[in-house]
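The values are calculated or read from the model by the stated rules, or taken from the named source; none is laboratory data. Nothing here was measured: the structure is a model prediction, and the numbers come from that model. Counting neighbours? That spans all protein chains shown, and the Cβs are built from the backbone with ideal geometry, glycine included. Ligands, DNA and RNA are stripped out before the accessible areas are found, and what is left, the full protein with its side chains, is counted by its heavy atoms. Shrake-Rupley method; radii C 1.70, N 1.55, O 1.52, S 1.80 Å.
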Amino acid sequence: MQQPSQASRAMIDRLIAFDTTSRNSNLEIIHFIRDYLKDLGVASEVITGEDLAKANLYATLGPSDRPGIALSGHTDVVPIDGQDWASDPWAVVEKDGKLFGRGTCDMKSFVAVALTFAPRFLERELNVPIHYCFSYDEEVGCLGVRPMLARLAELPVRPRLAIIGEPTDMKVINAHKGKLSYRAQVRGFECHSSLAPQGVNAIEYAAKMVVKLNEMARRKAEQGPFEADYDIPHTTVHTGVMEGGTALNIVPKDCSFEFEFRHLPADDPEALLAEIQRYASEVLEPEMRAVQPDTGIAFEFLSAITGLDTPADHEVVQLAKALTGANATSKVAFGTEAGLFAENSIPAVVCGPGSIEQAHKPNEFVTLEQVALCEGFMERLAERLAA
């Protein structure tokens, strides 16, 4: 089994130690990266959005007068709340050829290897630059990368291509689904449960909408459209969170739930949203308001992730295949920042160490072999851009 360098191991340890759960500030890790690069003689731009407690980092290694290759990753991680970890999630534990810790897979190992190779990139005197793009709040809707891409659009020189290092087992991903998520808020009419017919049960009407969404999900699974290259070959519809009610003997006044569409590039998520909204307005609300006029259903936008569909013969795909030695590409159901890069005229692929099957779970891990493969990828990138 291939083994990574001690330098990459040490950098992974350092990055995992920062608790960058999305609800927290990520400034500490961004400032660490900034100072690390400064010690190498590399200037960084720290880019904030509306939330000044969080920031992106952009830096260029090599010539600054020409566009190069972006190595992109997010610094935030998902919560550990309610998860049963066998070790401290913020301290890397090595066991059986694996590195355990929150973010080892998704996706600080890629960021760590990219940073570890900064001295190597510099000593090779690159002809084509490497750009570091490290973002915040990817896990809550790809929020941070947006102000960074807006800033890049203002620069005289910006990346020409992008490699997003999400966990793909170092396979080249040229397409992934998009995502649209909403919260539905049902306002009913409360009364004593013994008088239930005089009230409007918000939970029951929310449940009817969830059943409708489930019917839509089954229709997509049965009727498509389909794209066989995806691991899940059709658009999916999912309800993930529901809250409502105060006591069993009270007809609930309020209920909310969150749902999402993870859609193929050829599928229209706005049409799916319109379908559930029509069901609410044309079927459910008339029933509710026949009992109590001051009731209804509102929809709140949560987030959207742009899908990725980079042609298999595109330069960035061919580059990634050459760096990995792969002969084929794949398409995946999970979303990344790659679609937003592509939407902003920076063609992108996804390729990074670790398996998405380990992401977001307790005892998250990346294998040492995957880290070593990522190091090989970086070494070949350095050789290619110095040529």
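What to note about this one:
- Qualifying residue in the range 251-271 (condition: in contact with a strand residue (DSSP E or B) (Cβ under 8 Å, 6 or more places away or on another chain), in a helix (DSSP H, G or I) and within 26 Å of G224 (Cβ to Cβ)): yes
- Candidates S64, S72 - the one that is buried (at least 23 other Cβ atoms within 10 Å of the Cβ) and either among the small types (G, A, S) or in contact with a Ser or Thr (Cβ under 8 Å, 6 or more places away or on another chain) (or both): S72
- Flag for V371 being touching a Ser or Thr at 6+ places or on another chain (Cβ under 6 Å), farther than 22 Å from S303 by Cβ and in a strand (DSSP E or B): no
- When every residue of the range 30-47 is checked against the conditions, none turns out to be buried (at least 24 other Cβ atoms within 10 Å of the Cβ) and touching a Gly at 6+ places or on another chain (Cβ under 7 Å).
- Index of the failed condition, L381 passing every other in (1) touching a Cys at 6+ places or on another chain (Cβ under 8 Å); (2) under 24 Å from A10 (Cα atoms): (1)
- Count of residues meeting criterion [in a loop (DSSP other than H, G, I, E, B), open to solvent by 10 Å² or more (accessible area, probe 1.4 Å) and modelled with pLDDT of 95 or more] in the range 83-125: 13
- Within the range 271-294, residues that are over 13 Å from K212 (Cβ atoms) and in contact (Cβ under 8 Å) with a residue 24 or more places away in the chain have Cβ atoms under 6 Å from residues that are open to solvent by 60 Å² or more (accessible area, probe 1.4 Å) and of a type in the set (A, V, I, L, M, F, W, C) in these pairs: Q292/F189, counting only partners at least 6 apart in sequence or on another chain.
- Only a single criterion out of (1) within 22 Å of the chain's Cα centre (by Cα); (2) part of a helix (DSSP H, G or I) is not satisfied by Y36, namely (1).
- Considering the conditions (1) touching a strand residue (DSSP E or B) at 6+ places or on another chain (Cβ under 9 Å); (2) under 16 Å from A175 (Cβ atoms); (3) in a helix (DSSP H, G or I), Q318 is excluded by exactly one of them, (1).
- Filtered residues of the range 74-97 (kept if over 25 Å from N56 (Cα atoms) and of a type in the set (S, T, Y)): S87
- In the condition set (1) crowded, with 16+ Cβ neighbours inside 10 Å; (2) not in a helix (DSSP H, G or I), I276 is compliant with all but (2).
- Across the range 171-194, the number of residues qualifying as buried (at least 24 other Cβ atoms within 10 Å of the Cβ) and either over 17 Å from the mean Cα position of the chain (by Cα) or among the aromatic types (F, W, Y) (or both) comes to 2.
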